[in-house]
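Engineer: I have a structure here, written as structure tokens, and I will follow up with some questions on it.
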Amino acid sequence: MATDYRRLLAEGPTVVGMITSVLGSGGSVDSAVRYVAERGPELSGGMFSSAVRLTDTRGARSIEEALRRQLDGIPRKASGYRDAVSMCLVASEFSDRDHMQRMLDDASNEALESVRQMGESYGESLNLPCMAIFAAGIMVPMILMSLMPIMDLGGMFSSGILDRTMLVLITLVIVPCGMLLMSLGIRSGNPFGSRLRDRRELKTAMPLLIAIPLALLLDGVVDDDMLLLCSVSPACLAVLAMVWREYREAKGREACEEGLRDSVFDLGNRMVSGENFESASVSAIGSNPGCSAVAERLRREFEVCRGNCGDALRRSVSGISDEVSASLSEILRCSSVDLSDAGELAITLGRQYQDRRAAMASLSIKLKSMTDMMMGTAMVFAPLILGLSTSMMAPLADITGYQSLEGSGLILGAYLVEMCALVSLLLSSLGKDEPFVSGLWRFCLMCPIALAVFAVSCSVRIRRGQSGS
């Protein structure tokens, strides 16, 4: 599948980094392949596991041969991944450490370049579907609701071609379903996202259901234009209050993970200068403001671990990042043989982490204009246009005697709630995958603003001028 090869390319830098950590610490290619098979990303882990099984069942003479067979089956579009892993296998055959290191650096550059090219292609592929969502999300409801009085004046409703029920169906069901399908298609094609979601995360959105009894209670008390604002907004504020701590922790965990990756390079510099692994790792991690708690926990673990530093590392770091924990474990293993070599390995891994972050940052910059446009559309532009179009319908409705104008405010308000939810889903599907609570936080911020803008724009009433005698 096309999605599979893109995901495989996205896993390339991680796989090369894992192989580099094993080979750089003095491990064999056999242990490197088994390491990726056990702890590697989903697609790569499955492929490397197949190579391990083929070797263990005597289906191949060596694990290198088994892995090369697996690489030969990779689609041509993922040739960057195949070339990077093949270069790692070639590097394992060098007895000279400098030659091996240069080859591993080339493999890392090849994997990162493939990710950059794929990221640019992925960003460009989003232009058409996002513009389609933009057009459908604003123009279709606006045109339909604006044409209702005109069609009533022309007798189109009485002809049975298009009735009010069909207009509501198109606005609240057909158009949102089309947007949902396009958003899910974009999500499934995102090579940097996760395929799995924990359904237990949905419980954080349950307080939104209080909007239903609030709407029933306020029905007839406030205008249709204000009904959803007065019912949905309190529900959104309740969710924001409930998930604030979880949202802040998710953001803090993400920042801490980036800080841990940055600390690997600093760790290498400290070890090359002669500092031992324990003190260098605590100092390097603690130098990042978001990682001070991890550094303190690691320091305490080192004090009570009785020499078992590997377990101390896993207990302190793996809860934040399994990948960084595994890298630090390999650096620790290498430091028991040669401290200088371990420092050079840490510098190499740290540079790979930095290059990978730069590639993802470049993709985020390319997507920023698109994400800003979609958020601006959902929060301001769409409710403003739809609200003003509803206001401009008033004089025409007076001429045609159209009696159902008041219900259009409720219909469009409900549509704006749907649109905010769909845009939140879309934005959480772009680039690096984000936790459910981040998308929920975005929706609960966007929705009250959109409904407030819609209510204000609906309050601008245009009346027919009275001719003097």
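The values are calculated or read from the model by the stated rules, or taken from the named source; none is laboratory data. Computed from a predicted model, the values in this text were never measured in an experiment. Reconstructed Cβ throughout: ideal geometry from the backbone, glycine too, with neighbour counts over all protein chains shown.
This table checks each residue for (1) assigned by TED's automatic domain parsing to the domain that holds Arg6; (2) surrounded by 14 or more Cβ atoms within 10 Å (Cβ to Cβ); (3) closer than 23 Å to Val324 by Cβ.
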site: Gly45; (1), (2), (3): yes, yes, yes
site: Asp56; (1), (2), (3): yes, no, no
site: Glu64; (1), (2), (3): yes, yes, no
site: Arg76; (1), (2), (3): yes, no, no
site: Ser79; (1), (2), (3): yes, yes, no
site: Gln101; (1), (2), (3): yes, yes, yes
site: Leu112; (1), (2), (3): yes, yes, yes
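Engineer: Select from segment 126-153 the residues that are at pLDDT 70 or above, among the hydrophobic types (A, V, I, L, M, F, W, C) and part of a helix (DSSP H, G or I) and list them in ascending order.
Structural biologist: Listed by number, the residues that qualify are Leu128, Cys130, Met131, Ala132, Ile133, Phe134, Ala135, Ala136, Met139, Val140, Ile143, Leu144.
Engineer: Do you know which residues across segment 301-315 are surrounded by 14 or more Cβ atoms within 10 Å (Cβ to Cβ), out of contact with any Ser or Thr (no Cβ under 8 Å at 6 or more places or on another chain) and in a helix (DSSP H, G or I)?
Structural biologist: Listed by number, the residues that qualify are Phe302, Cys309, Ala312, Arg315.
Engineer: Working carefully through the options Met87, Met47, find the one that is among the aliphatic types (A, V, I, L, M), within 19 Å of Glu110 (Cα to Cα) and assigned to a helix (DSSP H, G or I).
Structural biologist: Met87
Engineer: In segment 39-53, is there at least one residue being out of contact with any Lys or Arg (no Cβ under 9 Å at 6 or more places or on another chain) and in contact (Cβ under 8 Å) with a residue 40 or more places away in the chain?
Structural biologist: Within segment 39-53, one or more residues are out of contact with any Lys or Arg (no Cβ under 9 Å at 6 or more places or on another chain) and in contact (Cβ under 8 Å) with a residue 40 or more places away in the chain.
Engineer: Next question. Yes or no: segment 206-220 includes at least one residue that is in a helix (DSSP H, G or I), more than 26 Å from the chain's Cα centre (by Cα) and in contact (Cβ under 8 Å) with a residue 40 or more places away in the chain.
Structural biologist: There is no residue in segment 206-220 that is in a helix (DSSP H, G or I), more than 26 Å from the chain's Cα centre (by Cα) and in contact (Cβ under 8 Å) with a residue 40 or more places away in the chain.
Engineer: Within the set of pairs 6+ apart or on separate chains, which have a first residue in segment 264-280 that is touching a residue at least 40 places away in the same chain (Cβ under 8 Å), a second that is of a type in the set (Asp, Glu), and C-beta atoms under 7 Å apart?
Structural biologist: What qualifies is Gly268/Glu344; Val272/Glu344.
Engineer: Here are Ser336, Ser329, Ser340, Ser321: which of them is among the small types (Gly, Ala, Ser), under 16 Å from Ala280 (Cβ atoms) and touching a Leu at 6+ places or on another chain (Cβ under 6 Å)?
Structural biologist: Ser329
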